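Each remark here refers to the structure printed beneath this line.
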Amino acid sequence: MTKTILVAAAALINSEGRILLAQRPVGKSMAGLWEFPGGKIEPGETPEMALARELQEELRIGVDPMHLKPMTFASHSYEEFHLLMPLFELKEWAGLPEPAEGQELAWVYPRDLHRYPAPAADVPLFDFLVDHMKGEN
């Protein structure tokens with residue numbers, strides 16, 4: 001039986017309509033690939049609570065869970081686990097995102113998302129955002 005891992009991710013969208021991607025740092029699985037910020041949901045946390053915590057830890061920004069708007073989700077089987085990942089839209093946060101874990105950051109127009117190599121679970125989310133944000137960039 002395959003273990004299911006539940007993580008939450010955020011599409012931070014700035015005033016220019018660009019989306020923040022973070023590159024997985026050396027030493028982590030899938031190092032060098034680009035993904036949405038976020039992380040594992042701990043026992044007792046809602047996805048929104050987990051995202052607020054993870055975004056503070058990873059990017060040093062303050063997030064009100066009420067500003068997280070559900071967009072879509074990914075359900076993807078990797079060799080060793082199954083990933084279930086809700087993606088939330090976030091347009092309001094406190095502070096400027098800065099990498100706290102040595103990762104590179106990039107603000108990307110939706111039409112350019114596929115130029116960034118990503119984990120297999122994120123690719124359909126890129127497709128969704130390209131379609132969802134047509135005309136906004």
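Every number here is computed from the coordinates shown, using simple stated rules; none is lab data. Predicted model only: the values in this text are computed from it and were never measured. Cβ placement follows ideal geometry from the backbone for every residue including glycine, while neighbour counts extend to all protein chains displayed.
Filtering the stretch 87-133 to residues that are touching a helix residue (DSSP H, G or I) at 6+ places or on another chain (Cβ under 9 Å) and at positive phi leaves only 95.
Take residue 4 and tell me if it is exposed (fewer than 15 other Cβ atoms within 10 Å of the Cβ) and more than 16 Å from residue 105 (Cβ to Cβ).
Working: exposed (fewer than 15 other Cβ atoms within 10 Å of the Cβ): yes; more than 16 Å from residue 105 (Cβ to Cβ): yes.
Yes.
Only one entry of 51, 20, 129, 83 meets the criterion of being among the hydrophobic types (A, V, I, L, M, F, W, C), outside any loop (DSSP other than H, G, I, E, B), within 12 Å of residue 9 (Cβ to Cβ) and in contact with a His (Cβ under 7 Å, 6 or more places away or on another chain), and that entry is 83. Among the numbered conditions (1) part of a strand (DSSP E or B); (2) in contact (Cβ under 8 Å) with a residue 60 or more places away in the chain; (3) within 25 Å of residue 109 (Cα to Cα); (4) out of contact with any helix residue (DSSP H, G or I) (no Cβ under 7 Å at 6 or more places or on another chain), the only one that residue 73 does not meet is (2). For the stretch 58-70, the tally of residues that are within 13 Å of the chain's Cα centre (by Cα) and assigned to a loop (DSSP other than H, G, I, E, B) stands at 1.
Taking the condition of being aliphatic (A, V, I, L, M) and surrounded by fewer than 12 Cβ atoms within 10 Å (Cβ to Cβ), how many residues in the stretch 16-31 meet it?
Here is the first cut: in the stretch 16-31, the ones aliphatic (A, V, I, L, M) are 19-22, 26, 30-31.
Now narrow it down to the ones that are surrounded by fewer than 12 Cβ atoms within 10 Å (Cβ to Cβ): 26, 31.
Final tally of qualifying residues: 2.
Remark: pairs (first residue in the stretch 79-97, among the small types (Gly, Ala, Ser); second residue part of a loop (DSSP other than H, G, I, E, B) and buried (at least 18 other Cβ atoms within 10 Å of the Cβ); Cβ separation under 6 Å; 6+ apart in sequence or on different chains) = 95/61.
The residue list 121, 100 contains one member that is in a loop (DSSP other than H, G, I, E, B), exposed (fewer than 14 other Cβ atoms within 10 Å of the Cβ), in contact (Cβ under 8 Å) with a residue 40 or more places away in the chain and aliphatic (A, V, I, L, M), which is 100. Of the residues making up the stretch 76-96, those that are under 26 Å from residue 29 (Cα atoms), surrounded by 12 or more Cβ atoms within 10 Å (Cβ to Cβ) and of a type outside the set (Phe, Trp, Tyr) are 76, 77, 82, 83, 84, 85, 86, 87, 89, 90. Of all positions in the stretch 32-47, none carries a residue that is in a helix (DSSP H, G or I), touching a Pro at 6+ places or on another chain (Cβ under 7 Å), over 23 Å from residue 129 (Cβ atoms) and of a type outside the set (Phe, Trp, Tyr).
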